[in-house]
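*Asks:* For reference, the structure I am asking about is given below.
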Amino acid sequence: MAATAAANAPMWLTRESEVLEHLFHATAEIGEVWVEYGGQTHGATLSWPDRNARIFGLFLDPSAKGVLVPPPGSVVRVRYASQGAVYAFLTSVERAEAQGSWVLHFPRSVQRSERRAVERRAVHGMEGFRFEVQGEVVMSFPLYDISPLGVGYVASRTDAQVRPGTKVSGWLCLPDQTRLAVEMELRHIRSLPGSRTAVIVGCRFLTGDAALTQEIEAAVAGIPPIWD
């Protein structure tokens, strides 16, 4: 157990030469990163690092809306995935524009963690993502997160009085009006953050196939993954 925990523990790049080498690698090899500031997450691409000035840039996705512009000196977080691992670092802002480029200082360290086999996407509050159970009365539950392996849906504690291992079936509804018949196994129930009455019901698909995976991947394109 201890050996497994150690193997899954994050690794850190802390030497200046390692961090610089990694930034050049990330710029050359990684197509998309995610930058976090003020509770927002936006897709971006990296620009080539300036070794002498110790800065590099991010070009925000042009489709980003309502971007909070960090003033100089603000701390932002950058995350991305490459070759089976997730990388993240904190750094400060040199200057930033709402639409265009943000210029950031070199980070002091970069965290490397093992990547999840399948990334989940947070869709809570997004219209069109829901799970429907059809009986005498149709019950509709908004989704909290989704991946090709399963979903988490939001329900009241009263509606979620079922045990792990219970089989549930219904319709997975997506924003483009697609309705997919699914059978799922309930795996866990946890409290919805910030609510005393709602829970997240985590389920695993029992009817997964290539078509289901393709529909889900198309529906969540552009939605930031949940890394933690």
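*Asks:* With the cut-off at 1.5 for a/c, could you classify the range 2-114 from its C-alpha gyration tensor as rounded, prolate or oblate?
*Replies:* Prolate shape, in that a/c is at least 1.5 and a/b is the bigger ratio.
*Asks:* Where does each of 68-78, 197-207 land if you order them by average Cβ count within 10 Å, highest first?
*Replies:* 197-207, 68-78
*Asks:* For every helix of n ≥ 4 consecutive DSSP H residues, a contribution of -39,500 (n - 2.57) applies; sum these over the chain, divide by its total residues, and give [θ] at 222 nm rounded to the nearest 500 deg cm²/dmol.
*Replies:* That comes out to -4000 deg cm²/dmol.
*Asks:* Within the range 124-189, list the GluC sites (Glu not before Pro) lying in a DSSP loop whose Cβ has at most 15 other Cβ atoms in a 10 Å radius.
*Replies:* Passing both the DSSP loop test and the Cβ count: 127, 136.
*Asks:* Further, regarding this structure: Within a Cβ distance under 11 Å of residue 145, other residues only, what is the Lys/Arg minus Asp/Glu net charge?
*Replies:* Value of the local net charge: +1.
*Asks:* Same structure, new question: Against the longest alpha carbon principal axis of the chain, how many degrees, from 0 to 90 and to the nearest 10, is the axis of helix 210-219 turned?
*Replies:* Between helix and principal axis, roughly 60 degrees.
*Asks:* Among 67, 91, 191, pick out the residue whose Cα is farthest towards the positive end of the charge dipole of the chain, where Lys and Arg carry +1 and Asp and Glu carry -1 on C-beta, about the Cα centre.
*Replies:* It is 191.
*Asks:* If contacts are Cα pairs under 8 angstrom and at least 6 residues apart, what is the relative contact order of the chain in percent?
*Replies:* 15
*Asks:* A further question follows. Would you grab the residues whose amide H sits under 5 Å from the one on residue 226? Only those 5+ places off in sequence or on another chain, please, with H modelled 1.01 Å from N.
*Replies:* So residue 226 has HN proximity to 120, 121, 122.
*Asks:* Let me ask something additional. Could you tell me the center-to-center distance, by alpha carbons, between the range 185-219 and the range 76-116 in angstrom?
*Replies:* About 28 Å separates the Cα centre of the range 185-219 from the one of the range 76-116.
*Asks:* In addition: Using DSSP to call loops (not H, G, I, E or B), can you name the GluC sites (Glu not before Pro) in the range 22-78 whose Cβ has at most 13 other Cβ atoms within 10 angstrom?
*Replies:* For GluC sites (Glu not before Pro) across the range 22-78 that sit outside H, G, I, E and B with at most 13 neighbouring Cβ atoms in 10 Å, the list reads 32.
*Asks:* Output wanted: per-residue J couplings in Hz (rounded whole) for the range 123-134, from phi through Karplus 6.51 cos²θ - 1.76 cosθ + 1.60, θ = phi - 60°, x for Gly and Pro.
*Replies:* With the stated coefficients, the range 123-134 comes to 10, 4, x, 8, 5, x, 8, 7, 10, 10, 10, 9 Hz.
Values quoted throughout were computed directly from the atomic coordinates according to the rules given, and no laboratory measurement underlies them. Please read these numbers as outputs of a predicted model, since none were measured by experiment. Every residue, glycine among them, receives a Cβ derived from its backbone with ideal geometry; neighbour counts consider all protein chains shown.
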